[in-house]
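Input: a single structure, listed below in structure tokens.
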Amino acid sequence: MESLTFRHTTKKPLPGAKPQAITGVVASGNLEVLLERVLPPDACEVAIETPITGYGPVWEAVVADFVARAEPGGIRISINDGGARPDTVSLRLLQGARLMEG
Amino acid sequence: MADWRGDRQARDARLDAGRAHLAGRGKVVAAQAAVDLLEAVLRPGDRVCLEGDNQKQADCLARALSACDPGRVHDLHMVQSGIVLPEHLDVFETGIARRLDYSYSGPQGARIARMLYGGQIQLGAVHTYLELFARYFMDLTPNVALIAGVCADRDGNLYTGPNTEDTPTVVEATHFKNGVVIAQVNEIVDRVPRVDIPGDRIDFVVAADKPFYVEPLFTRDPGAMTETQILIAMMAIKGIYAEYGIRRLNHGIGFGTAAIELLLPTYGERLGLKGKIATHWALNPHPTLIPAIESGWVEQIHCFGSEVGMDRYIRARPDIFFTGSDGSLRSNRAFCQTAGLYACDMFIGATLQIDLMGHSSTVTQSRVAGFGGAPNMGSDPHGRRHPSDPWMKAGREGQVVGDPALMRGRKLVVQLVETFGDKLVPTFVERLDALELARKIGLELAPVMIYADDVTHIVTEEGIANLLLCRDADEREQAIRGVAGYTEVGRGRDRAKVEALRARGVIRRPEDLGIEPLDADRSLLAARSIKDLVHWSGGLYEPPARFRNW
């Protein structure tokens, strides 16, 4: 088990007013993402619990790209990973951000 | 004085020797006598085509050949498209066979790699289908062909069944050049449903002990499709099919293209593309195409072979498929490959490895899968002389210099891949494993499936790279890195150059195409299970047992 946390500053808050959203499932090759609108509007934090160790740099890159694409200011994200591939993580994060905007 | 009839006399002598094993009337030989028949007809060093197609397998004759006495039958040169059954390689372990020229070895890919490294097989070349068929008529004409059909009469008139596949081509080359043709059939009948091969081209008919084996190679369970595959399929439909107006096409056999098939009646319909794309196909009868056919998307399909469980459905849809007077499918691999090469505007399929220039290969260091037909359909045919809108548009995009009045079109060759394959193995690599394999076993030509200069687009979950718009090798490399995701190759990109390519539309992301990530959901699939496909077909599709999970 490995725990990783990444903090980013964003230029703007994520649109919408939805307080929280959850997407995905903790299953093999998948992941569960919880999003909560609890941080200052220019902050984003992503906390990851993953059973597979040694992929810190890949997580860091996936999260940084997601923050640049979605500008999720104000959102704390908790990821419960089931060994998902980076593309699945990336898609799930984008889906989570869209749910919060909706 | 020259002897112009030596080969003919040798054939007659083989036939005489074989006739000792006939079971009474006509050309019929019992299954138990198959080994004796082969030992009588074959000569050391013969070129032999043991029909191993993509799907249909002459398995009874394969077992008989591997049971021959290596003291009598040895050093054969096998010339066959598919290395599929264990017996296809067993004969190389016993010395019955020595040399091999083939096309495809999917299920035996790992063992063939070991035997090549071990020197048990002298490899001629790994061919594309059309290339091997062409050589049947030039320098690889078989002395003996061992083929498979559903049934025959006592005179040898043969009904191949829906899986006609390679049979007409193999028989044509062998029979008309002094060769001997032996067919295994499931059943001897008084009258065949239709004559696929006239009896005078068949010398012996072996009544097989059990029906020939057919591999269900083209069935993809919608239940196993992932959201990433759905996202990639959406990008392909919106960014390529719609953009170029692709009506005539071939699909590979992967999950990505199967996802496209299942999105046509849903996502494609929503985009208003019905009738504008994907109407004419060179394709096996993919079960995942049933919803699109039933929704009126498809005008016609010509097939290389058939697919297990699709026979009743095909019989009920003669306006869509090529069928005989008996009602069953007539497939033909050589003709369908030719259609895929010359009459399709796009080939789209998957691969295992892509390098920085866009060369691709399905060969890895532990598996030699071969090519099958992908390089035929996945190549730009320089002999094409008829225009079409997609072909001309691609030609314009790719042309940088020269007189526009002399411009020719381009076929679209699209590689549809996820950036990581099974077990997080990266699809994008600095150097293809095929090069290392070629070095180790001393191949003059590295087994590259599709050369970079034929590839026009690469689609991954990260986006579409349009290689036609790249103007030099550096742009091309960055365009490929720019869709290579979180692989080493992808993370090694020059971010500024990739953004510049994106600004020019060389790279397009899902958001650039207006694709909503929440839509990349399994609910967008027209069928979510094999059972759904059965419902779509009105109960006509009969999936094989291994796909029945309800």
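For helix A:86-101, what angle does its Cα long axis make with the longest principal axis of chain A, in degrees from 0 to 90 and rounded to 10? The angle comes out near 30 degrees. When the trypsin sites (Lys or Arg not before Pro) in segment B:1-106 are filtered for DSSP coil states and for at most 14 other beta-carbon atoms within 10 Å of their beta-carbon, the remaining sites are B:Arg5, B:Arg25, B:Arg72. Here the simple spin-label model places points 7 Å from the Cα toward Cβ, and for B:Asp69 and B:Met357 these points are separated by 5.4 nm. Remark: mean inter-chain Cβ contacts per residue of B:485-494 equal 3, using a 10 Å Cβ-Cβ cutoff to other protein chain atoms. If both residues of a DSSP beta bridge must be in segment A:2-101, then about 75% of such bridges are antiparallel. The alpha-carbon atoms of segment A:2-101, seen along their principal axes, cover 32, 23, 19 angstrom, with the largest extent given first.
Determine which lysines satisfy two conditions relative to B:Lys274: a Cα distance under 20 Å, and not lying fewer than 8 residues away in the same chain. Within reach: B:Lys238. Shielding value for B:227-234 is 2, the average number of Cβ atoms from other chains within 10 Å of each residue's Cβ. Here, P(r) means the percent of Cα pairs in each 10 Å bin from 0 to the largest distance; for the protein assembly as shown it is 3, 15, 23, 23, 18, 10, 5, 2, 1, 0, 0.
I'd like the trypsin sites (Lys or Arg not before Pro) in segment B:160-208 restricted to DSSP loop residues with at most 12 other Cβ atoms within 10 Å, sorted by number.
On the way: sites: B:Lys177, B:Arg191, B:Arg194, B:Arg201; in loops: B:Lys177, B:Arg191, B:Arg194.
Sparse-neighbourhood loop trypsin sites (Lys or Arg not before Pro): B:Arg191.
For segment B:71-166, the list of chymotrypsin sites (Phe, Trp or Tyr not before Pro) that fall in a loop by DSSP and count at most 16 other C-beta atoms within 10 angstrom reads B:Phe137.
Counted residue by residue at 0.36 nm each, then reduced by the alpha carbon distance between them, the extension gain from B:Gln365 to B:Ala496 reaches 43.7 nm. The distance between label points at A:Thr9 and B:Arg528 comes to 4.5 nm (points 7 Å beyond Cα on the Cα→Cβ vector).
Computed from the C-beta positions of B:Asp200 and B:Asp139, the FRET efficiency with R₀ = 35 Å rounds to 0.85.
Straight-line reach only, C-alpha to C-alpha below 29 angstrom: list the lysines that A:Lys11 could link to, leaving out same-chain residues fewer than 8 apart. List returned: B:Lys497. Modelled this way, with points 7 Å down the Cα-to-C-beta line, the labels at B:Asn549 and B:Ala20 are 5.4 nm from one another.
Summing -39500 (n - 2.57) over the DSSP H runs of n ≥ 4 in chain B and dividing by its residue number, what mean residue ellipticity at 222 nm do you reach, to the nearest 500 deg cm²/dmol? One gets -7500 deg cm²/dmol as the mean residue ellipticity at 222 nm. Of the beta bridges DSSP finds with both residues in segment B:401-482, what % are antiparallel, to the nearest 5? If I count the DSSP bridges inside segment B:401-482, around 60 percent turn out antiparallel.
If R0 is taken as 51 Å, the Cβ-Cβ distance between B:Glu488 and B:Val401 corresponds to a FRET efficiency of 0.90. Peptides B:410-421, B:322-333, B:286-297 ranked from most to least packed by the mean count of surrounding Cβ atoms within 10 Å: B:410-421, B:286-297, B:322-333. Summarising the strand pairing of the protein assembly as shown, around 45 percent of its internal DSSP beta bridges are antiparallel. Over the C-alpha trace of chain B, radius of gyration and Dmax come out as 24.3, 81 angstrom.
What is the angle, in °, between the Cα long axis of helix B:227-236 and the longest principal axis of the Cα atoms in chain B? Nearest 10 is fine, range 0 to 90. It is inclined by approximately 80 degrees.
Where a number appears in this text, it was derived from the coordinates with a stated rule and is not lab data. Just so it is clear, the model here is predicted, and its values are computed rather than measured. Using ideal geometry, Cβ is built from the backbone for each residue, glycine included, and neighbour counts are taken over all protein chains shown.
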